[in-house]
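Only one structure is covered here, and it is reproduced in the block below.
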Amino acid sequence: MLSQFLVKHFIKDYNRIELSEVRGRYGYLSGIVGILANTILFVIKLTTGLMINSIAFIGDAFNNLMDAASSLVTIIGFKLASKPADEEHPFGHGRLEYISGLIVSFLIILVGYELFKSSIDRIINPVQVNFSLPAFLIVIFATDQRDNKSSARRSP
Ligand SMILES: [Zn+2]
């Protein structure tokens, strides 16, 4: 599995998840992979969606763009959370992990809402959708990506 491979090669002490530094490394790695993969998928899906006139593709493209943004927030969150304790915050900054998690959930809700709105619009004002083999192949590729991503999200 891809995420397993990345964890073993890029995270020092990857099995000591009780340490917050190690959790930080997980967050950082999944963030980098998330930004790269989702930016690539965004470009591919947006291009395809505009070519075949599919709101599902265009919506999915923006879903990937939001995922890239979520990954960026995750990285910043982990970065800030790993700051050592200071005078103002004697217990450290670990709680910031939860705040960045909250921001990410708002982003996901926002994408869901936008997708819902545009889908309703397309039901009311339907347009011709063209089938194409490249688009079909991208759907399969993108579905595989989704599985990798959700398993990465389940890791600490
Ligand atoms: Zn502080």
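Take the alpha carbon atoms of the stretch 1-37, find their center, do the same for the stretch 66-96, and report the distance between the two centers in whole angstrom.
That distance is 16 Å.
Only Cα pairs under 8 Å and at least 6 apart count here; give the relative contact order of the stretch 50-97 as a rounded whole percent.
Averaging sequence separation for qualifying contacts and normalising by length gives 26 percent for the stretch 50-97.
For a 30 Å ceiling on Cα separation, which of these pairs sit above it: K8/K79; K12/K45; K45/K117?
Working: K8/K79 21 Å; K12/K45 34 Å; K45/K117 19 Å.
Over 30 Å apart, Cα to Cα: K12/K45.
How big, in percent, is the set of alpha carbon pairs in the stretch 1-80 lying more than 19 Å apart?
For the stretch 1-80, the share of Cα pairs beyond 19 Å comes to 47 percent.
Quick note: the coordinates plus some simple rules give every number you see, no bench work behind them. Keep in mind that what you see is a predicted model, and the values were worked out from it rather than measured.
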